[in-house]
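Quick notes on the structure that follows.
The values are calculated or read from the model by the stated rules, or taken from the named source; none is laboratory data. Keep in mind that this is a model prediction, so the values were computed, not measured. No Cβ is skipped: glycine too gets one built from the backbone with ideal geometry, and neighbour counts run over all protein chains shown.
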Amino acid sequence: MTSLPIWLTSGEPGPLPVAKRRWRRADYLTKTLAGIQEIMAEDMLQTGTAARRGLLQPVEPRVKIAGTVLLLLAAAITTSIPALAAVHGLLFLAALASGIGARDYLLRVWLPAGVFAGLVVLPAILSWVTPGDPLLYIYRGVEWRAGPLSLPADLAVTRQGLSAAAMVLLRSAASLGLVLLLVKTTRWPVLTKAFQSLGVPAVFVMVLELTYRYLFLFLLLLADFLLGRRSRLVGGESAVARLEWIGGTLAGFLRLAGEYSREIAAAMTARGYGGAGQKAPPVRPGPGEAVYLVTVITICFILLGGFHLGKYGF
């Protein structure tokens with residue numbers, strides 16, 4: 001008769017180890033899957049926002065594109081900070097009236113503008129880059145020298161530098177806000193057809209449409225790859241194995257994209273595609289489009305110095 005193991009015949013169990021809480025980052029598979037889900041959810045939200053009855057959704061897409069281009073040019077030319085600030089207020093109100101949340105608008109407009117444009121123009125506020133009237137001294141009467149390199153004895157934040165930095169930041173944010181309103185309030189297929197109706201080459205429009213469509217197909221395929229990889233993993237994974245799998249997956253996706261592109265081109269040629277895309281049906285602009293154009297022209301007039309508002313401020 002086989003004797004029982006010692007751990008089974010012992011009386012009192014030993015104390016269990018104390019669990020220690022450790023912050024652990026999610027692995028790359030989980031983070032990538034979460035990113036794919038976020039992109040899919042964002043696309044569904046975008047479609048719902050474009051189909052909603054808001055302020056800008058009913059405007060004819062071609063008229064909306066023309067108005068956006070005019071406002072982009074006016075925002076790039078104007079030299080008035082108060083006028084740009086007023087335009088930002090109007091854009092924010094238009095976003096709220098069109099069903100775009102305040103948090104979504106601020107994160108997609110002011111966060112990238114502040115990070116990219118703000119960091120680029122940050123040195124311009126200093127007297128070392130933009131001389132002018134000092135507003136705040138960082139240091140005074142100290143000379144910094146390292147071989148042939150030297151810093152000025154006085155370093156301050158200047159009024160001219162702040163004005164230049166604010167102008168660049170406001171212009172960047174205005175451009176992002178205008179493009180956001182256009183894309184968020186117009187369905188992508190309708191927007192691409194409107195581009196072609198305005199004279200954009202059909203090949204360029206076709207590339208946009210196919211890229212948008214097959215991007216989500218490849219994201220779904222990538223999600224299947226990731227789920228298969230995670231379901232077969234037991235325990236940890238070394239850094240070498242992780243990099244090998246990522247490299248092999250990227251190579252496989254490049255090969256898959258090439259095969260899909262050849263199959264799509266062959267299928268389009270077999271169905272008689274000759275390079276001409278499908279244009280948007282002609283729509284006669286109504287009163288809403290007239291009000292939209294009048295509002296856009298008025299804003300452009302003010303941005304370019306109409307009524308002396310663009311030059312002297314409000």
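Brief remarks on what is shown
- Every residue from region 226-245 that is assigned to a helix (DSSP H, G or I) and farther than 28 Å from MET44 by Cβ: ALA239, VAL240, ALA241, ARG242, LEU243, GLU244, TRP245
- Pick from region 63-73, criterion surrounded by fewer than 19 Cβ atoms within 10 Å (Cβ to Cβ) and over 21 Å from the mean Cα position of the chain (by Cα), ranking: farthest from GLY199 (Cα to Cα): LEU70
Results for (1) closer than 13 Å to ARG159 by Cα; (2) exposed (fewer than 14 other Cβ atoms within 10 Å of the Cβ); (3) in contact with an Asp or Glu (Cβ under 9 Å, 6 or more places away or on another chain), shown as yes or no for each residue.
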position	(1), (2), (3)
ALA102	no, yes, no
TYR105	no, no, no
ARG108	no, no, no
ALA113	no, no, no
PHE116	no, yes, no
VAL121	no, no, no
ILE125	yes, no, no
TYR137	yes, yes, yes
ARG140	no, yes, yes
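- The listed residues are ALA194, ALA223, ALA174, and the only one of them that is over 23 Å from VAL63 (Cα atoms), touching a helix residue (DSSP H, G or I) at 6+ places or on another chain (Cβ under 9 Å) and part of a helix (DSSP H, G or I) turns out to be ALA223.
- Criterion violated by PHE301 - all others in (1) within 30 Å of ALA86 (Cα to Cα); (2) outside any loop (DSSP other than H, G, I, E, B); (3) aromatic (Phe, Trp, Tyr); (4) at pLDDT below 85 satisfied: (4)
- Residue match in region 139-156 (condition: over 27 Å from HIS88 (Cα atoms), of a type in the set (Ser, Thr, Tyr) and assigned to a loop (DSSP other than H, G, I, E, B)): no
- Looking only at region 158-203, and only at residues there that are of a type in the set (Gly, Ala, Ser) and more than 22 Å from ALA75 (Cα to Cα), the one that is surrounded by the fewest Cβ atoms within 10 Å (Cβ to Cβ): GLY199
- Pairs linking a residue in region 277-303 that is aliphatic (A, V, I, L, M) to a residue that is part of a loop (DSSP other than H, G, I, E, B) and modelled with pLDDT of 85 or more, with Cβ atoms under 8 Å and 6 or more positions apart or on different chains, are VAL283/GLU60; LEU303/THR78; LEU303/SER80.
- Within the option set PHE204, PHE116, being part of a helix (DSSP H, G or I) and farther than 23 Å from VAL87 by Cα holds for one residue only, PHE204.
- Within region 221-242, the only residue that satisfies the criterion of being exposed (fewer than 12 other Cβ atoms within 10 Å of the Cβ) and under 28 Å from the mean Cα position of the chain (by Cα) is ASP224.
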